[in-house]
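Below: the structure, in structure tokens.
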Amino acid sequence: MLGVFVALLAAMLLAIYRLFAIPTGYTRNVALAFIIIVMGLDICFIGSVIWSKTPAGDSLAVVTPFVQFWAAGTLLHLVNTIEQFQKMRSRLMIALIIYFPIAITCAVVAGILAANPGMVSISYQYGMTVTEYGIGESVFLVMGALYAAGILAKLAFILKRGDKSLRTEIFLVIILSMAAITTFSYQTWIVPGLSTVPLSFISTSLISLVLGYAALKGSPLVVPQTEVGSKKEGDGPCGAAFKPRTVHLCLVSDRTVSRKRFSTLVKNGTLGLWVSRRPPKELRDEYGLVRTPVIWLTGNAVEGEVCIPPGETAKLSKAFSDFIAATGDYIILFEGLEYISSTIGFKPTLNLVQILNDRVMGSQGSMIIWLNPGAFRDEEVALLRSEATEVHEEPVRPGDGARKSPSGQERHGNQDA
């Protein structure tokens, strides 16, 4: 039996390690906190088995239901963190509503048990410590049922609201509800013929692993965040700068033009995503960004950064999709198309641009693609032009006249992007 729990603890430690490696988000935080809670419960149980018939083992067996009760409230708290509470006062009020009854109940039950030591019955069956708490156990079960009802009520509220961006979280809430059902069964479930298998602990441990796996599979590669000190200005996804559902191809030699425009927009409150070949730390330092996510196109894995190799276009497309699905108004600055094309060829690169174009066209945001035209043939540039809503080029110098686009139409450049 102990071997089973050691294997479960090792699996949960691995899940925690992997969860720490993905970007912070509600899904990841819920899974991480829940796995840590379950590990604590399992360690208490293992201790009560190892030190059975000793004061230490008896103490752990008596304390475990109290820990489980706090875990039940924490499950409800984690479900509430799926929604972002903007005001600190709101967050404190919700935490108080959830945890204050737990503190009062635990204090009352502990006082009753301390005043009446005979109410706690400790026996040893199947190599384990089995405890009964008299009226205290009934109090725990009733309060635990109330917290289970709270979790299910929160699930119903989310489903009724129909927020598509919370589909993954809804799935996780269902798992949390399943976990709550086993957590509230404080007596160890004994299976005939397998008398040493505590199903309540094993089932909760397995559910926590399923939760962690779901978080790893469904967690977004990038999480949209409003820039520090930003204030929303103007109307539309980027104020008055760009219209919604537009892709802007920037053929201006000085890439700082598009970078400054991007940084200005995110500092004004627009959610932004930056894809670049340069190290994100350098970009953040140079343009004064703190929270805006940056994807680094590189084959190296750098701790604390979202790194995607140029050949993994499916992963890059998923990062874009995750970001767009979680936002309304946004701006994306996409650099490094030349690097991707030199790695996988032009046709797959064009296919990537077409996919991203479809994503943007079905949203309320805009994307800027900065491109070095010298890195592509004329016919390749023409195909990329055809995917853009607008093309921004170098200003026409006196005497040059109007440039002609590949379609033969006159096109005067502008430097808006």
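Values quoted throughout were computed directly from the atomic coordinates according to the rules given, and no laboratory measurement underlies them. Owing to the predicted nature of the structure, the values given are computational and were not obtained by experimental measurement. Cβ placement follows ideal geometry from the backbone for every residue including glycine, while neighbour counts extend to all protein chains displayed.
Some points to look at:
- Per-residue Cβ neighbour rank within 10 angstrom, fewest leading, Ser263, Ser363, Ser253: Ser253, Ser363, Ser263
- Rounded to 5, percent antiparallel among DSSP beta bridges of region 237-411: 5 percent
- Net dipole in debye of region 237-411 [+1 Lys, Arg Cβ; -1 Asp, Glu Cβ; about Cα centre; nearest 20]: 280 debye
- Calculated from backbone phi, Karplus (6.51, -1.76, 1.60) coupling profile of region 253-260 in Hz, x at Gly/Pro: 4, 8, 6, 5, 4, 5, 5, 5
- Among the listed pairs Lys53/Lys154; Lys318/Lys347; Lys154/Lys281; Lys267/Lys347, those with a Cα-Cα distance over 31 Å are Lys53/Lys154; Lys154/Lys281; Lys267/Lys347.
- Positive-end residue of Pro309, Ser363, Gly269, charge dipole of region 237-411 with Cβ unit charges: Gly269
- For Ile369, residues with placed amide H under 5 Å, excluding near neighbours: His248, Leu249, Cys250, Phe334
- Between the amide H of Thr298 and those of Ile308, distances stay under 5 Å, these residues lying 5 or more places away or on another chain, with hydrogens modeled in the peptide plane.
- Of the residues Thr343, Thr131, Thr292, the one with the fewest other Cβ atoms within 10 Å heads the list, and the complete ranking is Thr343, Thr131, Thr292.
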